[in-house]
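Here is the structure we will look at.
The values are calculated or read from the model by the stated rules, or taken from the named source; none is laboratory data. This is a predicted model, so every value here is computed, not measured. We place every Cβ from the backbone using ideal geometry, glycine too, and count neighbours over all the protein chains shown.
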Amino acid sequence: MRVLGVDAGSTYLKCVDMDDEDVVDAVQVPVKGTAHETLERALERLGAREDEFDAVVVTGYGREALEDVADEVVPELPAVALGATHIEDGVRTVIDVGGQDTKVMKVDVDGNIVDFQVNDKCAAGTGRFIENVADRLDINPSSINHDVSPVKINSMCAVFAESEVVSLLHRGVEKDRIMMGVYEAVAERVAVLAERVDPEPEVVLVGGMVKQPVFADVLGRKLGMEVKTPGLAWCAGAIGAALRFIRSAR
């Protein structure tokens, strides 16, 4: 069975081409225009058409906007949890720092959620906040020198924190130090959220923050355990959505 798994996030849309339980290809495109226009661009990147798939399964923050093209719409947390356990053996804690919220899930061996916490109240603990700061600094987060001493970000509010970043920049503070300070601040928030589910190894980071490995290192220090970033973890939600449909169809 060939299934298109779609994770319609708030900032990026991820698509996976699944042949039974194997990932054939996966792409990520920024959300621009309508959800349908974004999906079309993702399909172009895959070199595929909707009608080539046996089913289209959608999850994620913007899943409702694609209901009309979906054979099934899957809740976000179960999709992410199932995808993470499929990607990495032995996963017990899944952390998803998304564009709009942060989710921490404790899972069993089959990818079922045992406990979870979601923070959607403050942007300062999200991937969008990190992206906004990186844009403000005109810096590529994946290329920063993580050996520098991070500057402390005092504000716990995203709006004030971004103003604080601008102030630090005007004072001549090194950009890498500011970015590391932002990582520290966000990781601290995520770690506090994670502690509420009593995290256990293996811990996996999924979603877009996987492409910023320095963040995983900082978060691991906060948690006191390694945070893994498997290669396909950035599209765990799309994989999990497709898998759920494939397994239910058997």
Kindly evaluate GLU164 against the criterion of being of a type outside the set (A, V, I, L, M, F, W, C), touching a residue at least 24 places away in the same chain (Cβ under 8 Å), surrounded by 14 or more Cβ atoms within 10 Å (Cβ to Cβ) and part of a helix (DSSP H, G or I).
no
Which one of these is over 24 Å from VAL197 (Cα atoms) and not basic (Lys, Arg): VAL133, VAL107?
VAL133
For LEU39, state whether it is outside the structural domain of VAL186 (by TED's automatic domain parsing), touching a residue at least 12 places away in the same chain (Cβ under 8 Å), closer than 30 Å to MET225 by Cα and of a type outside the set (S, T, N, Q).
no
May I ask you to list the residues in the range 28-52 that are assigned to a helix (DSSP H, G or I) and over 22 Å from the mean Cα position of the chain (by Cα)?
GLU44, GLU50, ASP51, GLU52
For the range 188-216, what are the residues that are more than 16 Å from SER142 (Cβ to Cβ) and assigned to a helix (DSSP H, G or I)?
GLU188, ARG189, VAL190, ALA191, VAL192, LEU193, ALA194, GLU195
Scanning for something among the polar types (S, T, N, Q) and modelled with pLDDT under 95, does the range 85-94 turn up at least one residue?
no
Under the condition of being in contact (Cβ under 8 Å) with a residue 24 or more places away in the chain and part of a helix (DSSP H, G or I), which residue from the range 53-79 is surrounded by the most Cβ atoms within 10 Å (Cβ to Cβ)?
ALA79
Quick check on THR85: is it out of contact with any Leu (no Cβ under 8 Å at 6 or more places or on another chain), polar (S, T, N, Q) and closer than 26 Å to VAL197 by Cβ?
yes
